[in-house]
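Written below as structure tokens is the structure these notes are about.
The values are calculated or read from the model by the stated rules, or taken from the named source; none is laboratory data. Worth saying up front: this structure is predicted, and the values here are computed from it rather than measured. Note: ideal-geometry Cβ built from the backbone for every residue, glycine included; neighbour counts use all protein chains shown. These area figures cover heavy atoms from the full protein model, side chains too; ligands, DNA and RNA do not enter into them. Shrake-Rupley method; radii C 1.70, N 1.55, O 1.52, S 1.80 Å.
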Amino acid sequence: LTVLSVVGARPQFVKLAPVAAAFAATGHRHLIVHTGQHYDTRMSEVFFTDLAIPTPDVHLGVGSGTHGAQTGAMLTALDSVLAERRPDWVLVYGDTNSTLAGTLSAVKQHLRVAHLEAGLRSFNRRMPEEHNRVLTDHAADLLLAPTDAAMAHLSGEGLAGRSVLVGDVMTDVCFGVRDAVAGTPLPAELDEALGGEPGGYLVATVHRADNTDDPARLAAVVDALAGLDEPVALLAHPRLVARCAEFGIDLARPGLHALPPLAYPDMVRAVLGSRGVVTDSGGLQKEAFLLGVPCTTLRTETEWTETLAGGWNVLDPNLTQLKELAARPAPTAERGTPYGDGHAARRTVEALEAG
Ligand code: UD1
């Protein structure tokens, strides 16, 4: 088989890591196309280096833009790459504009598409990611679902015949990295920023359009983080930094430590050492759950509903309970293994072989 993975944004590099390793263990040919949606070293290159992902075979260098401009530029560039390579499968990941572009370009050239992380739904039609997911699932030929809940969504949309439960590939990589970083010192930049402050700290990230693009909402989010009792390490996505600069919102507040994005192993280490996570990221909600750290999510809903069981993750869209929620101790409830056993990448390869 020749399989061509299309990736472009940070969470997709994390998902690609175990998949690329699983392909390397077979005789299949695996090509990687990087759209260039994320291009900062800390958003892209470090993930390839730290997670030992092969250098992309093709880099489209598309960069930022409006949704239309960005997706359109990817489509144009992917049309010629896919026409030239004609893989047996195009593998797309998650819910970004890179996912949708890879899917559309492939299906219109009659290339088979497999969607990894299929079936997630927020049911929030304001999210660009929700449209990317739904459109991708309905166009793709093979839907690789991470959870039973995702399988149920696909079935409800009439897609059961094309769906396979493989588990969650982010769990594969999260557990591997956790075992490697457990017991190591905190990342130096984090340790320095916290200034050896005694007691616990919180890890925070904010990047969703709904939290960052409206000045009043963004100011309220930053104020709420600055008002927490524990020191907060705010690992700042470029979008957050750009919007704060644009709206004149100061991130430098007492107790709020804005840091550049961390590399994946550093992030896992930071979460392991923290008292809690405050985020609007899907991946980080799940990583907190997997690592046994309580999470508070600054959104009205979550795609990873399994994290809510037992209070491991709590939604606080209105920021009304953030102070208490962020300081709550880890729940005692068992977490179970809703995200699979850490072998989702191997099952992904098997599903492509069978399909
Ligand atoms: C994208 C995904 C989102 C995912 C997130 C992970 C879509 C619609 N959204 O959102 O689902 O959770 O990636 O991070 O695809 N920028 C930089 N350097 C970079 C990348 C981005 O400075 O390397 C800045 C630019 O100002 C850009 C903005 O961030 O305009 C937003 O980037 P973009 O890729 O459009 O969307 P994300 O917010 O990262």
For region 268-295, give me the residue count where each residue is out of contact with any Ser or Thr (no Cβ under 8 Å at 6 or more places or on another chain) and under 20 Å from L228 (Cα atoms). 7
Output the residue which, of all residues in region 214-237 that are within 16 Å of the ligand (Cβ to nearest atom) and either open to solvent by less than 20 Å² (accessible area, probe 1.4 Å) or in a loop (DSSP other than H, G, I, E, B) (or both), is nearest to A263 (Cα to Cα). L235
In region 1-22, what residues are of a type in the set (S, T, N, Q) and open to solvent by 10 Å² or more (accessible area, probe 1.4 Å)? T2
Looking at G200, G176, which is the one that is exposed (fewer than 15 other Cβ atoms within 10 Å of the Cβ) and closer than 27 Å to W304 by Cα? G200
Answer yes or no: is there a residue in region 154-177 that is in contact (Cβ under 8 Å) with a residue 12 or more places away in the chain, part of a strand (DSSP E or B) and within 16 Å of the ligand (Cβ to nearest atom). no
Answer residue from region 266-290, given it is within 18 Å of P238 (Cα to Cα) and of a type in the set (V, I, T) and is nearest to the ligand (Cβ to nearest atom) among those: T279
Would you check if there is a residue in region 199-213 being assigned to a helix (DSSP H, G or I), at pLDDT 95 or above and touching a helix residue (DSSP H, G or I) at 6+ places or on another chain (Cβ under 6 Å)? yes
Does region 80-87 include one or more residues that are out of contact with any helix residue (DSSP H, G or I) (no Cβ under 7 Å at 6 or more places or on another chain), under 18 Å from L352 (Cβ atoms) and open to solvent by less than 40 Å² (accessible area, probe 1.4 Å)? yes
Of (1) within 24 Å of E350 (Cα to Cα); (2) away from the ligand (no atom under 16 Å from the Cβ); (3) not basic (K, R), V58 fails just (1)
Being away from the ligand (no atom under 15 Å from the Cβ) and within 18 Å of T71 (Cβ to Cβ), is that true of even one residue in region 27-37? yes
Residue list for region 292-324, restricted to those being open to solvent by 20 Å² or more (accessible area, probe 1.4 Å), part of a helix (DSSP H, G or I) and closer than 27 Å to E130 by Cα: T305, E306, L308, A309, G310, G311
Any chance F175 is of a type in the set (F, W, Y) and more than 30 Å from A52 (Cβ to Cβ): no
Checking the structure you have, find out if any residue of region 262-277 is in a helix (DSSP H, G or I), in contact with a Lys or Arg (Cβ under 6 Å, 6 or more places away or on another chain) and modelled with pLDDT of 95 or more. yes
With the requirement that a residue be among the basic types (K, R) and over 21 Å from T171 (Cα atoms), what does region 119-154 give you? R125, R126
Answer from R208, R243 - the residue that is charged (D, E, K, R) and either within 27 Å of G119 (Cα to Cα) or out of contact with any Ser or Thr (no Cβ under 6 Å at 6 or more places or on another chain) (or both): R208
Can you tell me which condition H38 does not meet? The list is (1) at negative phi; (2) open to solvent by 40 Å² or more (accessible area, probe 1.4 Å); (3) of a type outside the set (A, V, I, L, M, F, W, C), and all the others hold. (2)
Restricting to region 130-161, and then to whatever is more than 22 Å from A345 (Cβ to Cβ) and among the charged types (D, E, K, R), can you tell me which residue is surrounded by the fewest Cβ atoms within 10 Å (Cβ to Cβ)? E157
From the list V92, V81, which residue is within 14 Å of the ligand (Cβ to nearest atom), out of contact with any Phe, Trp or Tyr (no Cβ under 6 Å at 6 or more places or on another chain) and at pLDDT 95 or above? V92
